[in-house]
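Step one of this worksheet: look at the structure below.
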Amino acid sequence: MLYPTLSNFHPWSVSLEEARGIQEKLSAKVILQDDFKKIETVAGVGIVFSKPGDEVSVACVIFSFPEMKILHTGFSRGKVRFPYTTGFFAFSAGPAIISTLEKMPKPDLTIFPGRGIAHPRKLGLASHLGLLLDLPTIACSKTPLWRDNPELSGEKGSHIFIRDDPGMLIGAVVRTRKGVKPIYVTPGNKISIQTAVKLVVECSLKFRIPEPLRQAHILADRWILQNGNIF
């Protein structure tokens, strides 16, 4: 068995207060240093909610690294048991994501949309799932995670690290393509922010978003278009 089964995880259909308590408890276990031997496969996770928000479709694409060739794809669809709420993304999409990953070979690294430790309780989606699945994980977002972003060079690979008010290093603004708007990278679990930035840049080919994440989102969108929102 590559991953723990869903039955071994914490409950997902919980109250907001219970979810907050779970996050606070788990966040202390997140590892923020490189805890892997070698990265040879990188997965991206795409997540699309139905318009009513009661169903979620998840796609995962695993690439070889550094060749960046697609090796595996997987899909899952599920009912949303925890209504989407800012700061609690994992409770809405987590079961469907885990169901998708369980069907596939275990990647060396997984890139998620959204946030990692740049989160009110230091447990965004990438950190939460990375911890439960014992995976090195990174979070990437096109949406600014900080109010005041510093000026950044226009060259690919340029980046500036960001710290929270207590001074903890929580992420980076990263230029993944020359002359294109930056993205916002945060470590999830079992990886340092320095390595996270390096790998995100290396996984970004012709587009702003890292290719595994971009392809996974395309497949999740395509899956809904082809199959609709009916289970």
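Fully extended, how many nm does the chain gain between Leu152 and Arg81 (0.36 nm per residue separation, minus their Cα-Cα distance)? Working shown, then result.
Details: separation 71, 0.36 × 71 = 25.56 nm, distance 4.04 nm.
Once the chain is fully extended between Leu152 and Arg81, it gains 21.5 nm.
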Antiparallel as a % of all DSSP beta bridges within the range 94-231, to the nearest 5? 75
Listed with the fewest Cβ neighbours within 10 Å leading, Thr176, Thr73 appear as Thr73, Thr176
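By counting other Cβ atoms within 10 Å of each Cβ, how are Ser158, Ser13, Ser204 ranked from fewest to most?
Numbers: Ser158 15, Ser13 10, Ser204 25.
Starting with the residue having the fewest Cβ neighbours, the order is Ser13, Ser158, Ser204.
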The relative contact order of the range 37-225, taking Cα pairs under 8 Å that sit 6 or more residues apart, comes to a percentage of 22
Antiparallel bridges, percent of DSSP beta bridges restricted to the range 57-173 (to nearest 5): 75
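What does the charge add up to near Phe63, with Lys and Arg as +1, Asp and Glu as -1, over the other residues with Cβ less than 13 Å from its Cβ? Before the final figure, lay out the partial values.
Details: positive: Lys69, Arg214; negative: Glu40, Glu67, Asp108, Glu202, Glu211.
Around Phe63, the charge tally is -3.
Set the Förster distance to 30 Å, then compute FRET efficiency between Phe207 and Glu18 from the Cβ-Cβ distance, nearest 0.05.
0.20
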Cβ crowding within 10 Å averaged over residues, with 54-67, 107-120 ranked highest first: 107-120, 54-67
Test of the criteria: in the range 28-80, which trypsin sites (Lys or Arg not before Pro) are in a DSSP loop and have at most 14 other Cβ atoms within 10 angstrom of their Cβ? Lys29, Lys37, Lys38, Lys69
Net charge within 13 Å of Thr86 by Cβ-Cβ distance, Lys/Arg positive one each and Asp/Glu negative one each, not counting Thr86 itself? +3
Please report the base-10 log of the normalised intensity I(q)/I(0) for the chain, using a Debye sum with one equal scatterer per alpha carbon and no solvent, at each q in 0.09, 0.11, 0.13, 0.18 (1/Å). -0.33, -0.51, -0.72, -1.42
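Bear in mind these aren't lab numbers, they're just calculated from the coordinates by the rules spelled out. Just so we're clear, the structure is a prediction, and the values are computed from it rather than from any experiment. Cβ coordinates were reconstructed from backbone atoms using ideal geometry, including for glycine residues, and neighbour counts include every protein chain displayed.
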